[in-house]
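Okay, here's the structure, questions in a sec.
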Amino acid sequence: MNGKNPLHQLLDQLTAQGTHIINLVDSNFHDNGLVPDPDLLAREAASYFTHRRYNPDPRGSIEARRAIARFYAREGITLHPDRILITASSSESYTLLFTQLADPGDRLLLPLPGYPLFEELASFAGLEPDYYPLEPDRGFRPNLSVLESLIQPTTRFILLISPNNPTGAVLGRRDLEDILELGKEYGIMIIFDEVFSSFLYGDSNACDPPSPGEPLPDPTLPSLPRPLSLDTPVPSFTINGISKLCASPDLKLSWLVVHTGGTAPAEPPQPPGTPTPKPTQGYPEDTPLRQDDFLPLDQILQRLETANDVYLNCSSLSQALLPGLLAQVHQDGGITHRIVRLLQQNRETLLTTPGIDSLLPHQPQGGIHCILAVPACQGDDEGLALDILSTLGILVHPGYLYGIDDYPALVITLLKDPAVFKPAIESLVSYLRTLGDANK
């Protein structure tokens with residue numbers, strides 16, 4: 001039995017026939033020629049193997065966690081390494097939260113449109129998803145009153161993704177503060193997913209509309225309001241990793257930061273030779289979780305640490321490579337800057353393509369994806385994607401894959417060689433405009 005959807009069945013057929021396909025959905029960094037400096041990785045790996053010694057810590061190696069703390073310190077955020085747990089993937093981080101801090105049958109609020117992964121992770125943990133809409137006329141940002149109306153007595157988590165996948169919207173500081181207050185009022189934990197947080201465009205710090213009388217922000221200075229810089233009145237969690245940040249999904253390293261009641265003070269400077277702190281011992285009590293009675297911070301950390309200790313999935317080699325990888329994130333010419341420049345160039349191409357205005361419900365502010373709305377189209381978006389693939393040889397995703405069902409939509413990636421992206425997007429937009437004119 002062929003489990004592939006019609007779009008990928010057609011893709012296989014055309015590929016077998018030798019048809020040249022332009023893939024505008026492939027978000028694999030390596031397939032698009034984006035890899036970290038191999039010399040950097042070779043040096044770090046050589047040092048690891050020279051001094052190789054297995055010394056597992058259920059939170060992750062102290063050197064790796066200190067490197068993460070330094071990464072945030074570059075943005076003025078103080079973070080104690082003891083608030084960090086290293087995992088093998090963001091999916092594993094979610095699984096720790098869902099299984100250790102919620103009970104089967106509890107609910108979580110997910111953004112829609114959204115990436116079709118979280119439902120599966122919730123299902124594995126026995127949680128039930130509800131969806132809050134991200135509306136184009138609001139810049140794909142949450143409507144607080146609608147979000148509040150969806151809260152149920154068993155709602156345990158609200159998930160926020162910024163920059164969002166696939167909308168490209170970036171949440172402003174007031175968005176984050178308002179939702180944290182909502183969590184405080186209803187006793188709900190907040191999860192912040194910022195895996196695309198370093199992929200911002202020039203106007204990303206304009207995500208907070210100015211209040212009357214406030215000066216407009218400088219649109220040339222991209223910035224991201226990070227939840228770690230805010231006081232968090234409820235247990236909150238930030239998820240990030242090197243899969244996107246350093247174009248290293250194969251190294252399988254993510255991290256989970258626990259923050260509540262303000263940011264923890266930075267770790268005091270450690271003199272050379274300071275021994276690694278011993279991990280917390282013992283299993284936490286199996287205390288039933290109630291919405292109006294959060295576990296204390298130390299018990300939250302202990303539950304997560306104990307579960308992480310069961311698997312110890314993240315390899316010691318990847319953790320040894322982490323300090324070098326994170327050190328290049330803020331360096332001009334490093335892999336992160338190369339990705340950002342490519343994305344910015346393709347975004348500029350997208351925004352200046354003739355006819356794009358009628359197809360773009362919101363200009364992406366960050367991330368690697370973009371939504372094209374095609375209101376003039378007759379029929380469903382899957383049929384449209386099939387027509388585009390068979391007629392133009394361009395692979396795009398229908399919007400329904402991301403939960404878009406209010407209007408026909410297509411999703412594309414900006415992570416593409418600019419020499420390939422420019423003619424492909426021009427051809428795609430021209431085709432959609434012609435189709436729209438024919439359907440008037």
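Yes/no matrix, rows are residues, columns are (1) within 18 Å of L10 (Cβ to Cβ); (2) surrounded by 15 or more Cβ atoms within 10 Å (Cβ to Cβ); (3) modelled with pLDDT under 95:
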| position | (1), (2), (3) |
| --- | --- |
| T349 | no, yes, no |
| T352 | no, no, no |
| G355 | no, no, yes |
| L360 | no, yes, yes |
| A373 | no, yes, yes |
| G379 | yes, no, yes |
| E382 | yes, yes, yes |
| L389 | yes, yes, no |
| I394 | yes, yes, no |
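Select from segment 396-412 the residues that are in a strand (DSSP E or B) and out of contact with any Asp or Glu (no Cβ under 8 Å at 6 or more places or on another chain) and list them in ascending order.
Taking segment 396-412 and keeping what is in a strand (DSSP E or B), we get 397-398, 409-412.
H397, V411, I412 - these are the residues of segment 396-412 that are in a strand (DSSP E or B) and out of contact with any Asp or Glu (no Cβ under 8 Å at 6 or more places or on another chain).
Residue by residue through segment 74-87, note down the ones that are surrounded by fewer than 20 Cβ atoms within 10 Å (Cβ to Cβ) and outside any loop (DSSP other than H, G, I, E, B).
Scanning segment 74-87 gives a single hit, D82.
In the set V25, V35, which member is touching a residue at least 60 places away in the same chain (Cβ under 8 Å), of a type outside the set (F, W, Y), in a loop (DSSP other than H, G, I, E, B) and in contact with a Phe, Trp or Tyr (Cβ under 8 Å, 6 or more places away or on another chain)? So that I can check it myself, show each step before the final result.
Values: V25 fails: in contact with a Phe, Trp or Tyr (Cβ under 8 Å, 6 or more places away or on another chain).
Exactly one of V25, V35 is touching a residue at least 60 places away in the same chain (Cβ under 8 Å), of a type outside the set (F, W, Y), in a loop (DSSP other than H, G, I, E, B) and in contact with a Phe, Trp or Tyr (Cβ under 8 Å, 6 or more places away or on another chain), namely V35.
Is it fair to say S90 is surrounded by 19 or more Cβ atoms within 10 Å (Cβ to Cβ), more than 29 Å from V374 (Cβ to Cβ) and under 20 Å from the mean Cα position of the chain (by Cα)? Walk me through it before giving the result.
Numbers: surrounded by 19 or more Cβ atoms within 10 Å (Cβ to Cβ): yes; more than 29 Å from V374 (Cβ to Cβ): yes; under 20 Å from the mean Cα position of the chain (by Cα): yes.
Here the answer is yes, as S90 does meet what is asked.
Could you grab the pairs with beta carbons closer than 6 Å, sequence gap of 6+ or different chains, first residue in segment 137-160 and closer than 12 Å to D106 by Cα, second one assigned to a helix (DSSP H, G or I)?
Once the first residue is closer than 12 Å to D106 by Cα and sits in segment 137-160, its partners that are assigned to a helix (DSSP H, G or I) give I151/Y186.
So, in segment 221-256, exactly how many residues are of a type in the set (V, I, T) and over 19 Å from L96 (Cα atoms)?
Number satisfying all stated conditions: 1.
Do you know which residues across segment 1-18 are surrounded by 10 or more Cβ atoms within 10 Å (Cβ to Cβ) and either at pLDDT 95 or above or not in a loop (DSSP other than H, G, I, E, B) (or both)?
P6, L7, H8, Q9, L10, L11, D12, Q13, L14, T15
The values are calculated or read from the model by the stated rules, or taken from the named source; none is laboratory data. Given the structure is predicted, the values throughout are model-derived calculations rather than measurements. All Cβ positions, glycine included, derive from the backbone under ideal geometry; neighbour counts span all protein chains shown.
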